[in-house]
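Data block below; observations after.
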Amino acid sequence: MTRIVLTTASAELVERMHHATGGAFLALPEGPLPADPAHLFAQLDNAPAPDVVVIDSGSATEQALDLAARFDQQCPSIAVILVSDLGPEIGLSAMRAGVRDILHPAAEISDIRMVLDRASEVAQARGLAPALAGGAPGSAPVRTGRVISVVSPKGGVGKTTVSTNLAVGLALAAPHSTVLVDLDVQFGDVASALNLQPEHSLTDMVNGPASRDTMMLKTFLTLHETGLYVICGPPSPAGADTISGAQVSQLLEMLAWEFRYVVVDTAPGLSEHTLAAMDQTSDLVLLTSMDVPGVRGLRKELDTLTELDMFTDSRHVVLNFTDTRGGLSLADVEATIGTGVDLMLPRSKAVPGSVNQGIPLLQSGVRDPMTKQLRRLVDRFAPGPAATRRPRRGEGRHRGRRRVLR
Ligand SMILES: Nc1ncnc2c1ncn2[C@@H]1O[C@H](COP(=O)(O)OP(=O)(O)OP(=O)(O)O)[C@@H](O)[C@H]1O
Ligand SMILES: [Mg+2]
């Protein structure tokens with residue numbers, strides 16, 4: 001059973017924790033936040049060390065983050081959840097302090113339960129990892145995140161549109177859970193699709209200290225206004241030369257330890273970097289346009305992946321620009337590729353506008369058949385009512401915002 005400790009001055013939060021856990025947690029006596037893990041353990045009355053610590057920051061945000069960082073350094077197998085009402089703005093500092101998840105002080109019982117379940121999974125996996133790494137030879141540490149790669153044989157079929165919307169949708173469904181990686185190392189345009197001006201890019205993540213140190217890696221992430229973390233592509237195509245497949249593989253592995261969802265946007269075809277991503281991929285989103293070259297290309301890609309034995313258990317075939325007026329039916333497509341189509345995305349007038357503005361449809365929440373289908377895609381990975389929720393006020397409904405092309 002997971003051992004959970006809560007520090008809070010809020011009787012209401014204690015009450016909701018009771019409902020969420022059936023009373024299976026320990027609330028520390030009210031008082032100032034302990035300065036470090038040792039002080040917190042001293043208040044446990046000889047109870048065993050917890051797996052999950054929930055720290056309600058109240059108005060002492062800095063102290064709470066300090067305490068979280070100390071847990072991360074001294075007791076990395078304990079998962080820390082921060083209770084804070086500061087929204088996405090605290091996300092990056094919380095992540096740097098090793099915080100696993102953030103709960104709003106008014107979080108509903110179902111949200112509390114979900115975050116605690118997730119934290120206990122992580123705590124268990126972290127606790128297991130050293131034993132596995134040092135114990136059974138050849139056994140890999142247990143990873144906790146899903147790596148979802150969006151691939152297609154041809155260019156311009158909607159990979160970036162789909163990956164940015166999927167990542168935003170997952171980030172809105174479970175705050176601070178998702179990182180999007182732009183693996184289109186030459187001409188990646190995730191930054192543009194999300195209207196971001198990143199300080200750091202993929203190049204910084206795979207070279208130097210960030211490639212070896214998770215804490216450092218986190219400080220290089222770019223935070224999007226929906227709470228999504230992003231690793232943008234190199235600023236110029238020349239940057240691609242400094243990135244190897246092995247580095248990509250290592251990066252994705254590190255991210256899968258830290259995030260529930262790692263969404264990967266790729267360049268067309270099976271480049272060295274895409275193949276390296278496939279090695280870490282748990283869920284493959286195979287995308288094609290509804291035309292003969294696109295569908296034939298997908299058939300070849302499926303055959304190649306089968307030959308390379310690179311198929312994941314979980315794969316999702318997505319047809320974009322669906323339109324039967326071009327003479328191809330769904331049945332034709334399925335017969336050609338030899339497998340079923342999981343999701344159809346209509347050609348939509350809302351997409352070019354959203355790409356040009358840098359605001360994904362799942363962020364703006366614009367009503368459109370494409371938005372509806374993209375929500376369905378998110379639901380395949382994060383089922384439940386949270387996944388389909390529309391953005392809250394302040395989470396990104398922007399109208400008429402100007403953007404500067406860089
Ligand atoms: N369902 C859709 N309806 C209308 N336009 C779309 C749709 N999907 C994508 N587009 C448009 O098609 C263009 C290509 O999309 P996108 O950049 O997502 O493709 P891509 O596969 O990432 O391309 P590349 O291979 O060059 O990276 C964009 O201008 C986008 O706005
Ligand atoms: Mg693209």
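The values are calculated or read from the model by the stated rules, or taken from the named source; none is laboratory data. Quick caveat: nothing in here was measured; it's all calculated off a predicted structure. Note: ideal-geometry Cβ built from the backbone for every residue, glycine included; neighbour counts use all protein chains shown. Calculation scope for accessible area: heavy atoms of the full protein, side chains included, ligands and nucleic acids excluded. Shrake-Rupley method; radii C 1.70, N 1.55, O 1.52, S 1.80 Å.
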Where q = 0.22 Å⁻¹, what log10 of I(q)/I(0) comes from the Debye formula for region 1-126, counting one point per Cα?
-> -1.48
Sorted list, accessible surface of protein heavy atoms, 1.4 Å probe, largest first, for Arg100, Arg367, Arg299, Arg113 is Arg367, Arg113, Arg299, Arg100
Normalised by the number of residues in region 146-388, what is the relative contact order in percent for Cα pairs under 8 Å and 6+ residues apart?
-> 28
Highest GNM mean-square fluctuation, the chain, Cα pairs closer than 10 Å: which of Ser163, Ser211, Ser152?
-> Ser211
Where does helix 245-258 land angle-wise versus the long Cα axis of the chain, in degrees 0 to 90, nearest 10?
-> 40
Anchor Lys372: lysines whose Cα lies under 21 Å away (excluding residues fewer than 8 positions away in-chain) = Lys159, Lys349
Report the equivalent ellipsoid semi-axes for the chain in whole Å, largest first, defined as the square roots of five times the eigenvalues of the gyration tensor built from alpha carbon atoms.
-> 38, 23, 20
State to the nearest 20 debye the size of the charge dipole of the chain about its Cα centre, where the only charges are +1 on K and R beta carbons and -1 on D and E beta carbons.
-> 1380
With only helices counted (DSSP H, runs n ≥ 4, each -39500 (n - 2.57)), the per-residue ellipticity at 222 nm for the chain, to the nearest 500, works out to -12000 deg cm²/dmol
Dividing the alpha-carbon radius of gyration of region 146-388 by 2.2 N^0.38 Å (N being the number of residues), what value is obtained?
-> 0.95
Got a number for the accessible area of Ser192? Probe 1.4 Å, square angstrom, nearest 10.
-> 50
Give the accessible area for Ser314 in Å² (nearest 10); use a 1.4 Å probe, count only protein heavy atoms, and leave out ligands, DNA and RNA.
-> 30
